[in-house]
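I have placed the structure first, in the form of structure tokens, so that the comments after it can refer back to it.
The values are calculated or read from the model by the stated rules, or taken from the named source; none is laboratory data. This one's a predicted model, so the numbers in the text were calculated from it and none came from an experiment. Don't worry about glycine lacking a Cβ; one is built from the backbone with ideal geometry, like all the others, and counts go over all protein chains shown. Each accessible area value is taken on the protein alone, full model and side chains, heavy atoms only, with ligands, DNA and RNA left out. Shrake-Rupley method; radii C 1.70, N 1.55, O 1.52, S 1.80 Å.
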Amino acid sequence: ARRARSDLRFVTYDGEQIPFDNDSFDAVFCKQVLEHVRRPDSVIAEVARVLRPGGLFVGSVSQLEPYHSHSIFNWTAYGLFRVLAENHLNPVEIRPGIDGVTLTLRRLFGKDRFQRSFSASSIFNHYIDVEHGKKNNIKERNFQKLIIAGHIVFAAVK
């Protein structure tokens, strides 16, 4: 049997002011959230505030994902890079996740038919690797994938 940890606590907040002191955390994880908040620059500034120097901010955002549950907007790799950098977070990795076309097909034809695309290379990302792999290096292939990315994965250091 697992014992509950008594030192853990659940904290909610208003989505703007994170209720912790400056330099409180070594890492912050944020998966598919920033496209749902009204002022993502403010949220990212707060993440930077609560991260310790050298702390890691990791997660993902939507770019070409079809409508999902109250999203306000989608990101681009360039926009994400700029907002992270402007908030004193050094982007060390920005890479494509699943492609937007596969997410659209998944939305149209059902999750079950395209569920494998989340655990393996998605259809169009695989195509870019095979077709562009013959003449382009990994950096160029990842750039091609970022253009059509449904999700963008990131890591940034304070």
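Key figures
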item	result
Residue in segment 133-154 that is open to solvent by 70 Å² or more (accessible area, probe 1.4 Å) and closer than 24 Å to Ile44 by Cβ present	yes
Residues being at pLDDT below 70 and loosely packed, with under 10 Cβ neighbours inside 10 Å - total across segment 104-119	1
Glu65 being closer than 26 Å to Gln144 by Cβ and among the charged types (D, E, K, R)	yes
Filter result for Asp99 (touching a Ser or Thr at 6+ places or on another chain (Cβ under 8 Å) and over 14 Å from Val157 (Cα atoms))	yes
Tabulated pairs, segment 30-47, first under 15 Å from Trp75 (Cα atoms) and in contact (Cβ under 8 Å) with a residue 24 or more places away in the chain, second open to solvent by 40 Å² or more (accessible area, probe 1.4 Å) and not β-branched (Val, Ile, Thr), C-beta under 8 angstrom, 6+ apart or interchain	Glu35/Phe73; Glu35/Asn74; His36/Ser69; His36/His70; Asp41/Glu86; Val43/Glu16
Candidates Gly79, Gly54, Gly110 - the one that is of a type outside the set (A, V, I, L, M, F, W, C) and under 19 Å from Arg39 (Cβ atoms)	Gly79
One residue from His70, His126 being of a type outside the set (Phe, Trp, Tyr), at pLDDT below 95 and at positive phi	His70
